[in-house]
Amino acid sequence: MGNVQAATAPPPPPMGFQPPPPASVPKENALATPAESQALENPGTMEDLHKRCKEIFPVNFEGAKLILNKGLSSHFQISHTINMSSVMPSGYRFGATYVGTKQISTTETFPVLVGDIDPSGNLNANIIHQFSNRIRGKLATQVQRNKFTAVQMTGDYRGDTHSLSLTLGNPDIINNSGLAVFHYLQSITPKLALGGELIYQQGPGVPGGYISIISLAGRYIHGDSTISGSLGLAGCHICFHQKASQQVQVGVELEVNSRMQEAVGTIAYQVDLPKADLVFKGSVDSNWNVGAVLEKKLQPLPFTFALSGMINHPKNQFRLGCGLIIG
């Protein structure tokens, strides 16, 4: 909701800030206390719980796509996107990204403003700002046909060993409706983090007037392996990520929806070939959807060629897409 896709505007800096790991204990300080050698870190936000696994999943598209990125300064960048598709929305979109001067780390600078608009006036916009070292705010809006169709506000608090997040979606005081999501994540050990999620929705279209859902969540990291999951009355979501080598990553995802009584399992992988300037992502799920995306940088030109394919044999569906990114 209100998220700007990478195909329409340059992505903002990484959202999940992770403090640098503690320095290794030198030999002359080998008698350090266990508290010093096993210091806990901030676990990140619940939004990034499955990030390592989800990042290697291919994002398929259909038809033809042309993206032109142009940096006007060190803080301002614009993009032009043309889509031609029989399935996805087609047409032209103009995007812009502004990055401020408040530098938090080598990879994060705030505030960040990202947005894109089409000739009909349909707008997606995101504002991200770091108010202090511990508090970050986000605002996402979507305008369709000259009306605000979606508004989402998020506040994150990052302690030394825990994170708190509160998200409000489409709050309407007059009609007494809206969605509130509360997240809490706590580092238990350097490898284990546990937390929970509380979702509360109220409105005239909700059965009984309101609904609340509680879920438990956790993440365990061991070397190059990461397993994360959430479990609640609505179902469960489990992800496993393994970095097999410097070039190959593998991910497995299982989503179970108890209300719809369905479950979907997906296996994905990513292959990086830096010497060939090539990245390949592929996936297959239990519904027999097979998808893959290939991205190849055409050095020394500032061009990136993208090729996407997705097929479902039982449904007799096949979708092919090709794109060119300039800049």
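Only the coordinates and a few stated rules stand behind these numbers; no lab work does. Model, not experiment: these values are computed from the prediction. Methodologically, a virtual Cβ is constructed for each residue, glycine included, from the backbone with ideal geometry; neighbour enumeration extends over all protein chains shown.
Once the chain from Lys147 to Val284 is taken as fully extended at 0.36 nm per residue, the excess over their C-alpha distance is 45.5 nm. Remark: the Cα gyration tensor places the stretch 98-165 in the oblate category, a/c being 1.5 or greater and a/b not exceeding b/c.
For the stretch 179-327, the calculated P(r), taken from all Cα-Cα distances in 10 Å bins from zero up to the bin holding the longest distance, is 10, 25, 28, 26, 11, 1, 0 percent.
For the stretch 265-303, the residues whose backbone nitrogen is under 16 Å from a point 7 Å from the Cα of Leu320, taken along Cα to Cβ, are 291-294. Seen through its C-alpha gyration tensor, with square-root eigenvalues sorted a ≥ b ≥ c, the chain comes out rounded because a/c lies under 1.5.
Legend: calculated FRET efficiency, Ala64 to Ala244, from the Cβ-Cβ distance at R0 = 35 Å, rounded to 0.05, equals 0.55.
Of all beta bridges that DSSP places with both ends in the chain, some 95 percent have antiparallel geometry.
Taking a ≥ b ≥ c as the square roots of the eigenvalues of the Cα gyration tensor, the stretch 76-203 is classed as oblate, since a/c reaches at least 1.5 and a/b does not exceed b/c. Taking 0.36 nm per residue of sequence separation and removing the Cα-Cα distance, the Ser132/Ala234 pair yields an extension gain of 33.2 nm. A helix-only calculation puts the chain at -500 deg cm²/dmol for mean residue ellipticity at 222 nm, using -39500 (n - 2.57) for each DSSP H run of at least four residues, averaged over all residues. How high is the FRET efficiency from Ile213 to Lys296, r the C-beta distance, R0 51 Å, rounded to 0.05? For R0 = 51 Å, the calculated efficiency reads 0.75. Give me the dipole magnitude in Debye, nearest 20, for the chain about the Cα centre, with unit charges on the beta carbon: positive for Lys and Arg, negative for Asp and Glu. Computed charge dipole of the chain: roughly 520 debye. Enclosing the Cα atoms of the stretch 226-305 in their convex hull gives a volume equal to 106 cubic angstrom per residue.
Seen from Val87, the other residues with C-beta closer than 14 Å to its C-beta sum to a net charge of +2, counting Lys and Arg as +1 and Asp and Glu as -1.
Summary of the geometry: the stretch 250-288 and the stretch 134-177, compared by the centres of their Cα atoms, lie 29 Å apart. Volume per residue for the stretch 171-260 equals 124 cubic angstrom (convex hull of Cα atoms). Looking at the stretch 112-221, the trypsin sites (Lys or Arg not before Pro) that sit in a DSSP loop and have at most 13 other Cβ atoms within 10 Å of their own Cβ are Arg145, Lys191. Cysteines in the chain lacking any other cysteine Cβ under 4.7 Å from their own Cβ: Cys236, Cys322. Spin-label model, Thr106 to Ala276: label points 7 Å out along the Cα-to-beta-carbon direction sit 2.9 nm apart.
Under 15 Å from a point 7 Å along the Cα-to-Cβ line of Tyr98: which residues of the stretch 55-82 have their amide N that close? The answer is 72-79.
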